[in-house]
Every structure is written in C-alpha cells, then in structure tokens.
1. Give the shape of the range 377-497 as rounded, prolate or oblate, defined through the alpha-carbon gyration tensor: a ≥ b ≥ c are the square roots of its eigenvalues, a/c under 1.5 means rounded, and otherwise the shape is prolate if a/b is larger than b/c and oblate if not.
2. With the Cα gyration tensor of the range 301-358 giving a ≥ b ≥ c as the square roots of its eigenvalues, does the rule (a/c under 1.5 for rounded; else a/b larger than b/c for prolate; else oblate) give rounded, prolate or oblate?
3. Can you list which of the trypsin sites (Lys or Arg not before Pro) found in the range 29-81 are DSSP loop residues with at most 10 other C-beta atoms within 10 Å?
4. The range 568-646 to the range 424-468: how many Å between their Cα centroids?
5. Starting from 0.36 nm per residue, how many nanometres of slack lie between K346 and V562 once their C-alpha separation is accounted for?
6. Measuring from label point to label point, each 7 Å out along Cα→Cβ, what is the F655 to D95 span in nm?
7. Quick check: Cα centre of the range 339-405 to Cα centre of the range 63-132, how many Å?
8. Magnitude of the Cβ-charge dipole of the chain, K/R +1 and D/E -1, about the Cα centre, nearest 20 debye?
Amino acid sequence: MPLSFLFPPARLASLVALACLSQTVHAGAPAGAAGASEQTRSNNAAVLGQRPFANDADYAAVSRGLIAPFKGQVVDARGKPIWNLANYDFLNQKDSPASVNPSLWRLAQLNTHAGLFEVVPGLYQVRGLDLANMTLIEGDDGLIIIDPLTSAETARAALDLYYQNRPRKPVVAVIYSHTHTDHFGGVRGVIDEADVKAGKVKVLAPSGFMEHVMSENVYAGNAMSRRAQYQFGLYLPQGEQGQVDAAIGKAVAIGGTITLIEPTDLISQPYETRRIAGVDIEFQLTPGTEAPSEMNVYLPGLKALGIAENASQTMHNILTPRGAQVRDAKAWSQYLDASLNRYGDKTDVLFGQHNWPTWGAEPVRTLLADQRDMYAFLNDRTLHLLNQGLTPMEIAQNMQTLPGELKNKWYNQGYYGSLSHNSRAVYQRYMGFYDGNPANLNPLPPVESARLYVEAMGGGEAVLGKVKAAMDKGEYRWAAQLGNQLVFAEPDNTKARALQAQSLEQLGYQSENANWRNIYLTGAMELRNGVPDSPGSSVSVDMVRALTPQMFFDYLAVRVDVDKAVGHDMNLNWRFSEPDKAFNLTLRNGVLTHREGLNPKADAGLTMSKATLEQISLKQLDFPTAMQKGLIKVEGNGKKIVELLGTLDTFSPQFNIVTP
Ligand SMILES: [Zn+2]
C-alpha cells in the first residue's frame, strides 16, 4: 500500500481517524444503497465462467502453516478499535452475493485469513492484522522483522501474537522493504529508539529511503488523502453493499499511531549481503519499481525469497488511483526478471509483504515469470498501440485481457491495478495527458461544458430520461458519463444525483477491482449524503520531524496564494539553529523560492530551532506566540514576516469530487 503508500504523512492520521468514525457508526450498507440490478446480477454470474474458479489452490495456500489465528480487535490507547476483522464475518458465506463480483469475493475471502503463520521453519508471517504483512526471521539470538505494518498498535499486536506462540527472542533488526507507510509506520510498536541509538538494534532500508518517504507524499498530500478515502473506501461500511477488500489486504488500519525511526544501515549497491543474528541475508535493490526506493531479500539458508511488494497475488498499480507519480512498468518487469535469474533455481518459497506466500520451486519461478511478463506487456503493448496512433481510452478498450496463459492466473487479475488504468498510466509516462487531438487541446472545464451539453441535449428533464434509458439497458458506463454532465450542470438536481449514485453503485458492484469498487461506492455515497466532515487533523510526530527545511520551504511555496502575495515582494533570511542551517527566501510576483545561504541585503531575518518549527507544524505553537516567547528571533523589518504568513492558504481536506 501502498497506502501508498500510500499516504501523505501529515494528513494520514486525520483521514484515518475519520475513517475510524465511519467504521463504528455505520454497519451493513451505505445509507440509501440499492441492491444489485438484474443486469449486474447477470454480469456477475457470468464472471464464474470467465475466471479459473476450478483452481482453488489458493484456499489451501492462504492457511498453510497456520500457528495461531487472529480473531479479535486491535485497539488504541483509549480502547478505540483501529482494526476489527469481525466486520468481515459476512464473507463467511461461500457464494458471492449479487452485489459483489465473484472474483473479488474470492480474494476478499482469502485476505480475511488472519494470524501467525509459519512460512518455513525459522521464517514466520503475521498476516491480516493490517494492510501489509509483518515477516519475522528467527536468528540465533534475536529476531529480524521485515516491515512493521502501518501503526504502532497493529505492529505491537502482531509481535505479541508471535511471542505468544514462539520463543521470546529480542528484536535485533528491522528491515524496511520500501518507502510506503504500511511498511514502516508501526516501527515504534516493535523496537525502542533508545536501543537503536545504543547500537543494540539495526534498522536497514534501501538507499534514498528517508527522502522518498517524505517527498512522495508531502507536496500533493492533501489531494492524495482525499482521493485515498475513495480508493480504500475509508468511509464505507464493510458489507455486501460496501467495502469488502483492498486487494493487497483487507483494509487500511485506521486511527493508529504512525511512527518512523531513521534507518541506521542503507543498502546502496545492487546486491549486498549482511549477517544478522547468524542469518545470512542478500539484499537486491529494486529502485523505481513499486516504490522509488525498494528492495528484496534473499535468505540462502532457508532458500526463501522475500519479494517486497514487487510481486503479490494481484496485478499491482503503475499509477495508483489516489494519485502519485507514475511508475515504470519496464523497470518493474526487468527487476522481476533479475530476481528470477539470480534466485529462481535456489528458491523453494516466495514471500511477499502482502497476501500469502507461494511454495515450490516451479510455482515460484512461474509466478515471477508471469508477473514479469504482465508488466512488460503493459509497457510494450501500450507503446505498440500508441505508435499505431491509438489514444488512451482506445488503448484501454483494446487491452481488455492479458495475452496467452497470463490471463488464466489468479495472481494476474486486476484486483489492485487494472489493465485499464495501467495502460493509460504507461501512456501518461511516455506521452503525457494530451492525446494529440486538437479538439482536446483546450476543452471547456467541467461545469461550463456540462451546462452546454445538457442544453444541447434538450435540457435537464430530457437528459434525465436518457440516463434512465441507459440504466434500463444496463449501460452503466454511459449512464454515469451522461449523469455526470447533468450533476455538474445542475448540482442541486436531486433526481440527477440519485440516478447518478445508482449508476456508479452498479459499476461498483460489478468491479473485480477492489479500488474501483471502493471508488464507485464512495462516489455514490457522497452523491446521496454529501461529503463527510473532516474530524480535524492529528499529525504524525515522527513524520513532521523527518521533514527537511527544504521540504518545509517547498511546501510553504505550495501554500502561498499568489493573488494575495502579488505586490508583497520581499527577501528574507531564515536561519535554523541546532543544526545550523541558513536559507534565503524570495517572494517575487507572488511566487516563493528559496536557496541555501544568507543574503546580507535581506529585508528581514529570523532565527529559530528546528524543534520550534516542528512545534509550529504540529500546531503545538503558533508563530506570534513563538515570537513573544523569544523562540523566534527577528531582525530587520519584522512586518515582512507577518505579510508572508498572511499569504498562506490552508487546504480543505474534504473538497468535492462527484459534484462541482
Ligand atoms: Zn504495501
């Protein structure tokens, strides 16, 4: 998760807190939800003939090596649940209801298996206590943990479950496989920073870890958080008409404490080895794959390959729907091939940081080859078609299935990524957002074009009739496109909103992709009930501390409202004590830039400690109070600083998506 993951650090905690609310308030179906239509019922029934349901080997694999199931809840310090698998009891029924795609139902059942599992003797996983897995390697005199989940609470619960069933050896090393929050956020639940500082515990990570943890999520963080609410269905109740799964796990653990301890040992060569607690480990760096900074681990003593998030039991995302920089399908494919080539004939088990492992030398090689081919196909076929002149939606429509045997493998299905989004992502990587058609060079924005479309189609009532007709024929994609025009032209038209909610809902019920289902159903819910309130934000202290001054200034520049800032040109020196670092900021034409060093001719200067900046970022302190207390020292024209602060906007976390 890629919670990608996933998540903008500063906003994660808040969106998560709010999701927690929704989890406890609602149960069953979203308010106003309708059942599956006849068309949806029959489309979903048809899926049974389109996927390899006769192959049910994954049901055995997912419970193989079970030592202790996990049944309960994980609660925070105040006793509030942040993880509750009982919400998924509805998945116990064997056959899928009409409101869930049977293929997604299958995966949702598999992902509900939670507990402590033996992968092979000496290698264990806690699965189903968070979006990702925690992997534990038993050394001679200590324990090595790969990926301590999203929050300290779930990570602590996972380690407790392990200790209840295995010898209580101390944790001597934590390995972060990559930069997404679901793979490091719980680190303080399993180790103490004092032990890291004392050299008793190592923290290993791929090169570039800290930079990417922050930069991937900070600048567009507010919008990513809002869209993540859709992708993970964070406000949806769990149920047959609500959230059923997140493809790479059940859901995001919500409301917990996201933590971070800086790595002590960075892997920077393509392959590096370490011996930790008597265990030999080879690391394989895979930069620019599922995350900008990521690595696999190979355990020669156990003939086990840890594939991080580079392979899983689903097609992954080249571009995640919550928004992110586009990934490189070609590099992803090449690194999977390198893993296959280097470890393929000396691996008996493949374990990932999501879903369940794959046992047996031949099945492991086949999975690696299949997923290598899948990502290469995404890259090459998209380029093939765009070179023939096809545009993004034409390519997506053309790439409905994987070629050859690839389409018959469960782990290649589009549960998390999709052929439709991934092919368009590859187009975006090579060609950008413009499709080359001059009619699309400078189109009217949504509201203006919607008003004109509705007028051209004979007005609101006429469009409503056309939407209804499309829905009666089960043409939900068309109904949703048409209905969207009407909602954007007439946002107060309750009939239009209700119909649009129904068409999105049927699309959600039919989706094999867990993200798509969550997105459609969240859209339907907001059309009916409006945008949920924000609970206010609580920020991850560790994440704020990890923000560099440069990132702070970059984000300050993002917050500047250019209209307020024009006419307030200024030059400021901004110095941090402990550690001593100096910056010079220029506000010119409403645009804020910065560089390292001081300018002797600056209008004003201020000096503060990094700790003061952190307190301000955490909203434990405001600027004027800090100045009064002498925590910020000002030289020159102090009014300039007040002027700069006056240009800053605060972003609303709950902006509209399905309405203007
Ligand atoms: Zn992940």
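1. Values: a/c = 2.96, a/b = 1.67, b/c = 1.78.
Taking the square roots of the gyration eigenvalues as a ≥ b ≥ c, the range 377-497 is oblate.
2. Numbers: a/c = 3.38, a/b = 1.72, b/c = 1.96.
Oblate, because a/c is 1.5 or more while a/b does not exceed b/c.
3. Details: sites: R41, R64, K71, R78; in loops: R64, K71, R78.
Within the range 29-81, the qualifying trypsin sites (Lys or Arg not before Pro) (loop, at most 10 other Cβ atoms within 10 Å) are K71, R78.
4. Measuring centre to centre over Cα atoms gives 45 Å.
5. This chain segment gains 71.9 nm when fully extended.
6. Placing both labels 7 Å along Cα→Cβ, they lie 4.6 nm apart.
7. When both Cα centres are located, 26 Å separates them.
8. 460
The values are calculated or read from the model by the stated rules, or taken from the named source; none is laboratory data. Computed from a predicted model, the values in this text were never measured in an experiment. Quick reminder, even Gly has a Cβ in these numbers, built from the backbone with ideal geometry, and neighbours come from all protein chains shown. Side chains are part of the model used for accessible areas, which takes the heavy atoms of the whole protein and leaves out ligands, DNA and RNA. Shrake-Rupley method; radii C 1.70, N 1.55, O 1.52, S 1.80 Å.
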